[in-house]
Every structure is written in C-alpha cells, then in structure tokens.
Amino acid sequence: MNKATKGTLAIAAGVVLLFGGGGSLAYWSSQATVTPAQVTTGQLTIGTASSSGWSVEKYLGSSFTSVDTASYLAVPGDTLQYAATFPVTAVGTNLKVSAALTGGALTSSSSGLQTLLGATPTYTVKDQSGTTITPSAGSYAIPNGTTSLSVTTTISWPFGSTGDQVGVNSTISLSQIGLTLTQVAP
C-alpha cells in the first residue's frame, strides 16, 4: 500500500470514529409514561315545574285548603297561595348557584284592588328538605346537591273598612313565574 492510500484509510477511520462509529459519543436515556386521568364535570339544570295549584287560607290562622280558581270567589281577608316545584340538578365540588325569580306580577281589573294587593306577591323558596332559602339582594343562594326548589307565591287581600266595595266583581291575575339558575363565583 502506498502512503496516499494509507493516509486516506487513516482519515476515513478517524471520521468514522468521530461521527459515532466507534462509540466515543455516549449518553443515557430513559422513558416513562403517565397514566391518563379523567375529570368528571358537574352540572346545573332546571326542569319543567309541576304545580300543586292554588290554595286559600280563609281567615287568619286557618289551614290552607286547595281551591279551583275557575269557581272560587276570593273575598277580603283571604290569603291565596300558588305552589310550584322545579326539579333541579346543582352538582359540582365548587359549584355556587344563584336563583332568581322572574315574572309573577299581579294585576287586577280593579285599580283599588290593585293598590291593596300591590304589584308583586310574596315569594318563599325552599330546597328539597323544606329549608327556606332567604334571598340576598333579590337572589337565592342554592346549596350544592340541591334536587328541587319549591316556590310558593302568596297574595294577601287585607280586610277593608266597613262599606268598602274595593275589588267587587273583579279579577286578579298572576303572570307566569320563571326561575333562573346562574353559576356565581365561589
């Protein structure tokens, strides 16, 4: 072999060793995986209300009895109630919900009776265990895990003075009541 061939072979061998052919470049490597995980979400829903209808307390302290509004004629001193129950799903670890009532305005064909009754009835909101939820700034804080909310609308017709004919042969109308649930910051 001549000197030029030997030199070329030596350079080629050096290049092979330099670029990984001889193992002079070494590093460690390892690999692992993480088991995938799922997070389940909560939910906030409200269903169609069911109603037990109208009832009346005929005089202060008596019990409420169901009435058929098509045939019942209200008189001063009556307290009328309308009850509805809304199915609710309010579930989430950090879920905080506010409920607001919409509608429910009172109107009467008699302006004098309208004045006596006011424009808005009184509302009571209770959870599935019957616990009253007190409103704050017009909204109700609904506990996590709530399954139903009952809304009772109360219209009180006070006694008038002797000879007072306010509201005779009149109608009282209660507009549709809506319930809106909204998630609020915890």
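The values are calculated or read from the model by the stated rules, or taken from the named source; none is laboratory data. None of the values given here were measured: they were computed from a predicted structure. Neighbour counts run over all protein chains shown; Cβ positions are idealised from the backbone, glycine included. In case anyone asks, the SASA skips ligands and DNA or RNA and just uses the protein heavy atoms, side chains included. Shrake-Rupley method; radii C 1.70, N 1.55, O 1.52, S 1.80 Å.
Restricting the first member to the stretch 51-77 and to residues that are more than 18 Å from G167 (Cβ to Cβ), and the second to residues that are part of a loop (DSSP other than H, G, I, E, B) and open to solvent by less than 60 Å² (accessible area, probe 1.4 Å), the beta-carbon pairs closer than 7 Å and six or more apart or on different chains are S55/V67. A count restricted to the stretch 174-186 and to residues that are assigned to a strand (DSSP E or B) and closer than 16 Å to T102 by Cβ stands at 7.
Consider G104 carefully, then state whether it is under 24 Å from Q128 (Cα atoms) and at pLDDT below 90. Against the criterion (under 24 Å from Q128 (Cα atoms) and at pLDDT below 90), G104 qualifies. The condition (being of a type in the set (G, A, S) and open to solvent by 70 Å² or more (accessible area, probe 1.4 Å)) is satisfied by just one residue among S129, S62: S129. Against the definition (crowded, with 17+ Cβ neighbours inside 10 Å and modelled with pLDDT of 90 or more), how does Q114 come out, yes or no? The answer is no for Q114. Among the residues of the stretch 69-109, those that are open to solvent by less than 30 Å² (accessible area, probe 1.4 Å), part of a loop (DSSP other than H, G, I, E, B) and more than 21 Å from A137 (Cβ to Cβ) comprise G77, D78, G92. On the stretch given as the stretch 23-58, residues that are surrounded by fewer than 10 Cβ atoms within 10 Å (Cβ to Cβ) and hydroxyl-bearing (S, T, Y) total 9. On inspection, K126 does not qualify as among the basic types (K, R) and modelled with pLDDT under 90. Candidates in the stretch 136-175 are the residues that are open to solvent by 70 Å² or more (accessible area, probe 1.4 Å) and under 30 Å from the mean Cα position of the chain (by Cα); of these, the one that is modelled with the highest pLDDT is T147.
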